[in-house]
Structures are given as C-alpha cells and as structure tokens.
C-alpha cells in the first residue's frame, strides 16, 4: 500500500464517530477481507492506518490489501458483537479467525439379531440397524464402542455370524479374554445376545448404572447356585472397574464443562478444546490458525467462532487466561444457550490439572503443524505467561560476564531460537571501556555495543541484524537496571530480565522491576531458563579462560628483552601457544614480519637458557 493510500484511509477513519459498530475492510475488487467490532469505531479503525510497527505480520498484510472500508453503527457493543458474528459467517473473510467444523456427527450402529454387533459410523446407511446418536465428537463414540467390546467380549474382526461359526480357530483376542469367540463356537447364541444387550446398556447408561445392575444379576445367580454365571458377571464388573480406573484422568467433577487452551509460537497458534459431559471426557477439538490480536481478544474471537458452529454450550467454560469483552461475550453465549453460562480462568485444583492436559494437547498439535516439539512450544508459551509478555519469545539472547578479580573481562552472548541453542548467532565480547571489576558497567557496555551493531547491520544477513524478543542477563536487578537505560536510549522495546541463582549456583528466580518471580522446579520454564543460564555461563567462562591463558602467555613474552605488547601479540597470532614459540628456531622466528633477527635471538635465548 502506498503512503498516499494509507494517509487517505486514516483521514477517512478519523471522521468516524466514537460509537459502537462493525467495520468491514475490502480489497481493490471490493471483496470483504476482514470484519471487526469496536466500542468506538474512530479509535479502533484509525489504529490500522497509523504506524505499522506495533502490528503483527498478519495485520500488516491485511492492511496492505485494504483499498477501502465500510462500517455499520449499532446501539451497543453487544449488538456489534452479534452483527460481527453474523457477517463473518456469511462472508468468511480471509483475515478473520475461521474455525472450520470438519468433525460432522457420529453414531453408534447396532446391527440386528442374530449375532448382532456394535460399531461407530458417520451416517445411517442400514435400515435394519438401530442407531444411537447423533454425537458431536467421533472421539467419544469410538472410545465408547471400543470399551464396550472389550468389557463384554464382542468380536472386533470382520467375520459374519452365523455364517463363519466353527469355520476357524479362535484368534489371540479369545486367549487374552477380549473376545467370546463365536467363530469357534465358544458361546451360545443366547449368551452372546445377552452380552450385546449389556454392551448397549453400558453405552446408554454409563458404567455406574451398569455395575449396579450387574451386581444384582450376580447376586440372583448366586442365590440360584449358578456360580458359573455369577463368575462371568463378576469378571464383567471387574473389567468395567478396570476401564473406569484408567479413565480417572479424564473425569471431571463439574459434569458439563468445556476446557479451552491457547498455545502460541510466533504468529501461529493452536486452540484446543476438551468437552466434558456427564463428568466424562466425550470429545476434543483443535484448530491451528495465524494469530493477529492479543491473547485476550483472540480468546474472545475463538469463543464466538467455536460456539457459532452449532455446538451445545455448557454451563461452564474454563479458559487459560483473560478474555476480552467478557461481559458482552457472556450475554451473547447466554442468549444463544437460553441459560446462564460461566467463564472462569483455571488457577488451581482439578481445573488446573485439566487445563494442563488441554494445553499439552494444544502445544503438541501446534508442534506437529510447525515441525517442532510440543515441549519446546509449551516451555516458551509458559515462559511468556510467567514473565507477563504479550507474545511468545521465539528469539532469546542471554548474557554473562566473566573475569578473574577484574582481570581479562569478557562477556558471552548465547541465542536460543525456538527454545533451542542457535550457535550460529553466539557472540563473544572483550570488555574495552575500563579496567577492573564492574559487572554492571560491563553489561552496560556489551548491550550498547550489541545494539549499535543492530543499527549498523539491520536488514543484512548478519545475526546482529536480528532484534531479540527477550534479553536474559545472568544476575539480579542490578544487571537489569544497568541495561534498561541503554535500550531506552536506542528507542527499542525489548523485555529484559535477570536470572538469579541460589547459593548452589542453580536457577532460583527471575528478576524484574525490583522484585523476583519464583520459578517452580516442576515447570517447563524452569528447565528452559536453567538450560539457558548454564549455556551462557559455559560460553562466557570458556572465552575468559582462553583470554586469560593468552594474557598469561603475553605477560611471559613481554618479559623478554625487546618484546613489548605489540610484538607479543604478533607472536601469539602466529604460533598460538607458548609451547610452539619455544619449539621455533631463530630462523623461523626472524621470518615473522615485525620480529627482527635480534628479537629472534633474544626469544630463543630466553627459553633455552632457562631450560
């Protein structure tokens, strides 16, 4: 977009009223590419056509394609939200978050007698069969069918009964008590039909009601002295209890609720949902998309989009962070549901555990989409939340100072890109501004030099031309205070935090704003910060040892008659080590530019007379 066009659109936006409404962005062909709502149209729309520095990549791309915009005034922000939702459904704009519902509906198919069975399917294609459903998630249907078949030992093969009875030996499932083997005639038709009936009842009524009914049947069988049947019923009860114990991680005390988590990596995000109905996890969804708004605004848009896909709205929705315009969003959901709905942020207890599971799913799905590990995305996402960052830091620089009692001052800079070491961008600094020990002054100098290189090499292939999302300093608030004025002087907005160690040299906390953020050792962010701190310390101290060794050699060489610091540096550059200098003869030494014949003789005599 030309500067002139941007100016025209901004002038038009500045004429808008400070009223709620919906704005509609269009491209050159008049096609709608983005629809949004605003509490004050003038303020919201004019932001798009001002400075582009604060916008995400997606928003900048959208603005570049805007040729004109339209708007519709509403009486309230709530009306604007409802209208926005309706217009997005109708027009499917390119730059809006669009959640596509590809799940469809699922059914449980029960084929008729004799020798019927149960299976999961997506459509009713058999007039002779019975169907349970429809269900909104295939996950719950498949899971229920698999569990019922395992408990009541129904066949999972493709054999047809009674046609294939006694035509083959039983398979492995029979020997591990997973099938009643009608293929080998191991069960009567009456008993098989009883198993099928119990399996259907289990799916319809749940495990608790089924266990209660089976206990009653077992008691009646025992009273009739039919101990064989009582034993078989007992085995079914045990199988149900075994399955139920495996399901405890997907059980919720809040019977009907949705758990929703948002994972981010740069401009990409994944929205994951776990659906709990009647206390059990009955479905899950995930959607990968490009993020353009703040996490709060994104969650609000996702909730509107998700429940706009003809899904039932539960009485409770648990999210992983704040939601923008929560009051009007609740009103929207409650009117759509016809009953009260609650939105809460998971903080502790069962909700926190379920949210962790949901967030792990979101990170894993996003990792698969980006070709990264879910744990790496999770660690960066958690780091952003712990530090209160607006976006997930993808490019992190860490600094550490190393010296020996103020001598041979150096600094190491390591880079972690997408939570992994990016060694091509590692840098080493020799402190030049002063002599002696001053960690704060050293850190100030290093960051100043690094940012000067950024200004010089911005837009080039140099890694100095990349601006970090986050700077971590080995040390506490003192180091942070030494660096913040430098960043402000360059007019940059970079988050800076200190990495604080305990008395055993382990990461203890993050320093910021005069306070410390404690890091729980069980958290992924603890592992990430510890790894970064250990790596930058290793890198800095390795450089310091190298410089200190060269400094020691230089001190030895300047003790030779006629050899000053300049000639010592020439010798070190050519021979690298003191051992190599000792091994060189007078002729080899004198051939070095800057080293005279007399110097060469003095060097040779110095080492060999001592020997």
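The values are calculated or read from the model by the stated rules, or taken from the named source; none is laboratory data. Nothing here was measured: the structure is a model prediction, and the numbers come from that model. Glycine also receives a Cβ, built like all others from the backbone with ideal geometry; neighbour counts cover every protein chain displayed.
State yes or no: is residue 312 surrounded by fewer than 19 Cβ atoms within 10 Å (Cβ to Cβ) and either in contact (Cβ under 8 Å) with a residue 24 or more places away in the chain or at positive phi (or both)? Criteria met by residue 312. Taking first residues from the range 345-356 that are in contact (Cβ under 8 Å) with a residue 24 or more places away in the chain and partners that are part of a helix (DSSP H, G or I) and surrounded by fewer than 19 Cβ atoms within 10 Å (Cβ to Cβ), the Cβ contacts under 8 Å between residues at least 6 apart in sequence or on separate chains come to 346/352. Could you list all residues from the range 485-495 that are touching a strand residue (DSSP E or B) at 6+ places or on another chain (Cβ under 7 Å) and under 12 Å from residue 451 (Cβ atoms)? Listed by number, the residues that qualify are 487, 494. Restricting 336, 340 to residues that are assigned to a helix (DSSP H, G or I), under 26 Å from residue 85 (Cβ atoms), in contact with a helix residue (DSSP H, G or I) (Cβ under 8 Å, 6 or more places away or on another chain) and without any contact (Cβ under 8 Å) to a residue 60 or more places away in the chain narrows the list to 336. Taking the numbered list (1) assigned to a helix (DSSP H, G or I); (2) modelled with pLDDT of 75 or more; (3) surrounded by fewer than 20 Cβ atoms within 10 Å (Cβ to Cβ); (4) out of contact with any strand residue (DSSP E or B) (no Cβ under 8 Å at 6 or more places or on another chain) in turn, residue 561 passes all entries but (1). Considering each residue of the range 448-460 in turn, none proves to be free of Cβ contacts under 8 Å to residues at least 60 places away in the same chain and within 27 Å of residue 382 (Cα to Cα). What number of residues within the range 519-544 are within 22 Å of residue 401 (Cα to Cα) and at pLDDT below 80? Matching residues across the range 519-544 total 1. Being loosely packed, with under 14 Cβ neighbours inside 10 Å, within 27 Å of the chain's Cα centre (by Cα) and touching a residue at least 12 places away in the same chain (Cβ under 8 Å), is that true of even one residue in the range 403-411? No, that holds for no residue.
Condition check for residue 350 on (1) over 23 Å from residue 395 (Cα atoms); (2) modelled with pLDDT under 90; (3) not in a helix (DSSP H, G or I): one failure, at (3).
Does residue 1 satisfy the criteria of being farther than 30 Å from residue 283 by Cβ, surrounded by 14 or more Cβ atoms within 10 Å (Cβ to Cβ) and modelled with pLDDT under 90? Considered against the rule, which asks whether it is farther than 30 Å from residue 283 by Cβ, surrounded by 14 or more Cβ atoms within 10 Å (Cβ to Cβ) and modelled with pLDDT under 90, residue 1 comes out as yes.
Could we say that residue 83 is surrounded by 14 or more Cβ atoms within 10 Å (Cβ to Cβ), assigned by TED's automatic domain parsing to the domain that holds residue 8 and over 30 Å from residue 181 (Cα atoms) here? So residue 83 passes the test. Within the option set 492, 472, being buried (at least 20 other Cβ atoms within 10 Å of the Cβ) and either not in a helix (DSSP H, G or I) or not assigned by TED's automatic domain parsing to the domain that holds residue 525 (or both) holds for one residue only, 472. Residue 286 satisfies every condition listed in (1) touching a residue at least 12 places away in the same chain (Cβ under 8 Å); (2) surrounded by fewer than 15 Cβ atoms within 10 Å (Cβ to Cβ) except (2).
On the given criteria, is residue 107 at pLDDT below 90, farther than 20 Å from residue 295 by Cα, more than 31 Å from the chain's Cα centre (by Cα) and assigned to a strand (DSSP E or B)?
Judged against the criteria, residue 107 is a match.
Just one residue in the set 157, 180 is outside any helix (DSSP H, G or I), modelled with pLDDT of 85 or more and surrounded by 15 or more Cβ atoms within 10 Å (Cβ to Cβ); that residue is 180. Of the residues making up the range 53-76, those that are without any contact (Cβ under 8 Å) to a residue 40 or more places away in the chain and exposed (fewer than 14 other Cβ atoms within 10 Å of the Cβ) are 53, 54. The condition (being farther than 28 Å from residue 401 by Cα and either at pLDDT 80 or above or surrounded by fewer than 18 Cβ atoms within 10 Å (Cβ to Cβ) (or both)) is satisfied by just one residue among 549, 600: 600. Could you check the range 589-605 and list, in sequence order, the residues that are free of Cβ contacts under 8 Å to residues at least 24 places away in the same chain, part of a helix (DSSP H, G or I) and within 18 Å of residue 569 (Cβ to Cβ)? Result: 589, 590, 600. Filtering 375, 344, 404 for residues that are more than 26 Å from residue 464 (Cβ to Cβ) and modelled with pLDDT of 90 or more leaves a single hit, 344. Of everything listed in (1) farther than 23 Å from residue 431 by Cα; (2) surrounded by fewer than 19 Cβ atoms within 10 Å (Cβ to Cβ); (3) without any contact (Cβ under 8 Å) to a residue 40 or more places away in the chain, the single unmet condition for residue 507 is (2). Listed conditions (1) closer than 26 Å to residue 495 by Cβ; (2) surrounded by 19 or more Cβ atoms within 10 Å (Cβ to Cβ); (3) within 18 Å of the chain's Cα centre (by Cα) are all met by residue 388, apart from (2). Of the residues making up the range 315-332, those that are free of Cβ contacts under 8 Å to residues at least 60 places away in the same chain and either touching a strand residue (DSSP E or B) at 6+ places or on another chain (Cβ under 9 Å) or part of a helix (DSSP H, G or I) (or both) are 315, 319, 322, 323, 326, 327, 330. The condition of being within 20 Å of residue 485 (Cα to Cα), modelled with pLDDT under 90 and outside the structural domain of residue 538 (by TED's automatic domain parsing) holds for only one of 380, 389, that being 389.
Here's the yes/no breakdown for (1) in contact with a strand residue (DSSP E or B) (Cβ under 9 Å, 6 or more places away or on another chain); (2) assigned to a helix (DSSP H, G or I); (3) modelled with pLDDT of 90 or more:
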| site | (1), (2), (3) |
| --- | --- |
| 424 | yes, yes, yes |
| 429 | yes, no, yes |
| 435 | yes, no, no |
| 441 | no, yes, no |
| 445 | yes, yes, yes |
| 448 | no, yes, yes |
| 451 | no, yes, yes |
| 454 | no, yes, yes |
| 459 | no, no, no |
